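Have a look at the structure that comes next, please.
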Amino acid sequence: MQVQRVVLSSRPGKNGVPVPENFRLEETTLAPDLKDGEILVRTLHLSVDPYMRCRMNEDTGADYITPWRLSECVDGAGVGVVESSRCSACAEGDVVTSFSWPWQTHAVMKGSDLQKVDPQLVDGHLSYVLGAIGLTGLTALMGIREKGNITKGANQTMVVSGAAGACGSIAGQIGRLDGCVRVVGICGSGEKCRVLVEDLAFSAAINYRLEDVPARLKECCPDGIDVYFDNVGGAISDSVIAQMNNGSHVILCGQISQYNKDVPYPPPLSAEIQDTLQNKNITRERFMVLNYMNKADAALCELSQCVKSGQIKVLETVVNGIENMGDAFCSMMKGGNIGKQIIKISD
């Protein structure tokens, strides 16, 4: 079988900005015969995510993330359908997913590396497995539940950076559902601000590209900030932390503004911000959703119900065709997406 795949053609370098030319589309051949335990899958949807920038380096800087190898097929989260199987756990027609799905139109994978998907869980929207009812949604939900300390009736204000992205858009809605009286999103365009307020019921939105973030935070958060869901780091996060209340909480989810720089993760803070954290007794602990996977099944069921009931609205930016993987990844890294960036490979 002739299939298309995407390989890593070159590395941008630790301080480089990724470009589509770092990826290369190739044709390859799959062996016709499956071995015991193997499955032939047809790829439906693939995901691109900010953490992948680390995988473009020779050293990811994290022991739980392996680097992509030059001239080898790239992988990430994906969902597809079984076309043939020599694995007792999966049958032809089953929908399956994996965190290490090769960027190929078809692939031969070990059945033990796949998880079956109940299409009813995602209400037939199979791409949601890669976003709102998958690891992205789990990150938002469990980040808030484990690190946010939100209490209904406590008049709390939550700020989300990267608020129109895959994780931030879900996190803001969960913060509102869990009891925050005010949820403010920070994002990078007027259209994103409109979507956050009009479609997702954020209390307010701030366009960091055009507006004075510290001044707007004071306007939008008159009682200070109690919970900060941090997806971006850098100067934006410094502005938020400076206005946080005593005993408040930072949920350290991501630092996308720093991923093209050769700095450790989490990136170091200025002495002034470190003093603010200490003087105001603000918690800021790294959050890794993989440490809470024992709670994943219950959390996915909750996310599913919230999506089906309309309590959580799902945003996606969908690009068609495996040939556009590199463009989609680079666009996502620059904030070109609203909601989850999905690449549709086949119907």
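Please tell me if Thr29 is in the same structural domain as Gly124 (by TED's automatic domain parsing), among the hydroxyl-bearing types (Ser, Thr, Tyr) and without any contact (Cβ under 8 Å) to a residue 40 or more places away in the chain.
In short, yes.
Something else now. Which of the residues spanning the stretch 280-321 are free of Cβ contacts under 8 Å to residues at least 24 places away in the same chain and of a type in the set (Ser, Thr, Tyr)?
Residue satisfying the conditions is Ser309 alone.
Which one of these does Gly336 not meet: (1) farther than 23 Å from Leu141 by Cβ; (2) touching a strand residue (DSSP E or B) at 6+ places or on another chain (Cβ under 9 Å); (3) part of a loop (DSSP other than H, G, I, E, B); (4) not assigned by TED's automatic domain parsing to the domain that holds Ser127?
(4)
A further question on this structure: Does Asn324 qualify as being within 19 Å of Lys340 (Cα to Cα) and free of Cβ contacts under 8 Å to residues at least 60 places away in the same chain?
yes
Among the residues of the stretch 190-226, count how many are surrounded by fewer than 17 Cβ atoms within 10 Å (Cβ to Cβ) and touching a residue at least 60 places away in the same chain (Cβ under 8 Å).
Residues meeting the conditions: 4.
Right, here's the next one. Ala132 - would you say it is at pLDDT below 95, aliphatic (A, V, I, L, M) and closer than 30 Å to Gly188 by Cα?
no
I've got another one for you. Scan the stretch 302-333 for residues that are assigned to a helix (DSSP H, G or I), farther than 26 Å from Glu27 by Cα and of a type in the set (Ser, Thr, Tyr) and jot them down.
Residues satisfying the conditions are Ser304, Ser309.
Now for a different question. Condition test on Ser127, is it of a type in the set (S, T, N, Q), surrounded by 16 or more Cβ atoms within 10 Å (Cβ to Cβ) and modelled with pLDDT of 95 or more?
Yes.
Per-residue answers, yes or no, for (1) surrounded by fewer than 14 Cβ atoms within 10 Å (Cβ to Cβ); (2) modelled with pLDDT of 95 or more; (3) out of contact with any Gly (no Cβ under 6 Å at 6 or more places or on another chain):
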{"site": "Ile256", "(1), (2), (3)": "no, no, yes"}
{"site": "Tyr259", "(1), (2), (3)": "no, no, yes"}
{"site": "Asp262", "(1), (2), (3)": "yes, no, yes"}
{"site": "Leu269", "(1), (2), (3)": "no, no, yes"}
{"site": "Thr283", "(1), (2), (3)": "no, yes, yes"}
{"site": "Leu300", "(1), (2), (3)": "no, yes, yes"}
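Let me ask something additional. Just checking, does the stretch 62-80 include any residue being among the acidic types (Asp, Glu), outside any strand (DSSP E or B) and free of Cβ contacts under 8 Å to residues at least 40 places away in the same chain?
Yes, because at least one residue in the stretch 62-80 is among the acidic types (Asp, Glu), outside any strand (DSSP E or B) and free of Cβ contacts under 8 Å to residues at least 40 places away in the same chain.
Determine if the stretch 336-345 includes at least one residue that is exposed (fewer than 14 other Cβ atoms within 10 Å of the Cβ), farther than 24 Å from Arg209 by Cβ and either at pLDDT 95 or above or over 18 Å from the mean Cα position of the chain (by Cα) (or both).
No, that holds for no residue.
Residue under question is Thr43, and the condition is that it be at pLDDT 95 or above, within 17 Å of Phe329 (Cβ to Cβ) and surrounded by 20 or more Cβ atoms within 10 Å (Cβ to Cβ); does it hold?
The answer is yes for Thr43.
The values are calculated or read from the model by the stated rules, or taken from the named source; none is laboratory data. The structure displayed is predicted, hence computed values, not measured ones. Quick reminder, even Gly has a Cβ in these numbers, built from the backbone with ideal geometry, and neighbours come from all protein chains shown.
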